[in-house]
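Okay, structure first, notes after.
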Amino acid sequence: MTALAMTTTAEPRRRRIEDLPDSPAADYARVARAVEYLGANWHEHPSLDEVAAHVRLSPAHFQRLFTRWAGISPKQFIQAITLDNARDMLRSSASVLDAAYEVGLSGPGRLHDLFVAYEAMTPGDYKAGGEGLEIAWGFHDSPFGTTLAMATDRGLAGIAFADGGPEGRARALADMMARWPRARFVEEPARTAPYVAHGFDPRRWSADRPLKVVLIGSEFDVTVWQTLLRIPAGCVVTYSDIAAHIGRPKAARAVGTAVGRNPVSFVVPCHRVLRKSGELGGYHWGLTRKRAIIGWESAIAGNA
């Protein structure tokens, strides 16, 4: 009786996940389980059947779902997120930041694959806690789950991810609001939706129509975030690389703290920073999501 009860309670939950209407966010809700499994078992090179069984989908269903979301097969994704691959990428990372300028990938109006046009608010604006700023916010679907976007009249100011339903949304909103405690916050998803659509859709990435971003942080934080914007998609660097690039070679720990405070996730690519060993290190919105973003971007860079 107990086993039967357990089976009947588990089945509806699995069907609800599988029956979600197709969308990038729904795909991610399904795929995240597979990404977590792949991240923990990449060294064993799990087969398609094994991963599909873990997420309780047929191999054919899982293959279609994963390829639709990532743009590459599960096997290719495993190759993109392996520790060995990360180490290979890091072997040339010391020159990535300098080379970005040389090949024209970076500059004030043309930064990495998203073609971000950014401006930094003054240190005084940050020290004032955002006083005098009006920040619009809204929740939206994205390829990496529910996304909280924040924007000022100058541009995108924040991107965060929210897991766990209403409670997760409340936590994400409180976390972001605490960064600028004196700002005036208004719920206006219509104002933030265009930034999410632009930032997460590679078809909209264009040098002619850059994504406008405003960086609100301390002078050191902004310097680190500007450096993150110089890392092209498909490339990774270490905290030490960034410290050396900004002329503070002994400040790797401080760089790590600044990377962790980055309020504009994905667009300002803190996920492209790894430990020297090639391990992922930390990520404010979870290592499964960091692994997913790196794999997804590897597919984008490979198809560019």
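Just a few scattered comments:
- Sole residue being under 27 Å from ALA292 (Cα atoms), in contact with a helix residue (DSSP H, G or I) (Cβ under 9 Å, 6 or more places away or on another chain) and not in a helix (DSSP H, G or I), chosen from ILE135, ILE159: ILE159
- Residue match in the stretch 171-181 (condition: out of contact with any Asp or Glu (no Cβ under 8 Å at 6 or more places or on another chain), farther than 20 Å from GLU134 by Cβ and surrounded by 14 or more Cβ atoms within 10 Å (Cβ to Cβ)): yes
- Taking (1) in contact with a His (Cβ under 9 Å, 6 or more places away or on another chain); (2) in a helix (DSSP H, G or I); (3) hydroxyl-bearing (Ser, Thr, Tyr); (4) within 30 Å of SER73 (Cα to Cα) in turn, THR288 satisfies each apart from (1).
- Counting the residues of the stretch 236-280 that are surrounded by fewer than 18 Cβ atoms within 10 Å (Cβ to Cβ) and either under 18 Å from ALA40 (Cα atoms) or under 11 Å from the mean Cα position of the chain (by Cα) (or both) gives 3.
- Where ALA136 falls short, out of the listed (1) in contact with a Lys or Arg (Cβ under 6 Å, 6 or more places away or on another chain); (2) within 20 Å of VAL268 (Cβ to Cβ); (3) of a type outside the set (Asp, Glu); (4) at pLDDT below 95: (4)
- Cβ-Cβ contacts under 7 Å between residues 6 or more apart (or on different chains), taken from a first residue in the stretch 251-262 that is more than 12 Å from TYR283 (Cβ to Cβ) to a second residue that is buried (at least 19 other Cβ atoms within 10 Å of the Cβ) and of a type in the set (A, V, I, L, M), are listed as ALA251/ALA243; ALA252/ALA243; VAL255/VAL224; VAL255/ILE242; VAL255/ALA243; ALA258/VAL224.
The values are calculated or read from the model by the stated rules, or taken from the named source; none is laboratory data. Here the structure is a predicted model, which is why all the values come from computation and not from measurement. Reconstructed Cβ throughout: ideal geometry from the backbone, glycine too, with neighbour counts over all protein chains shown.
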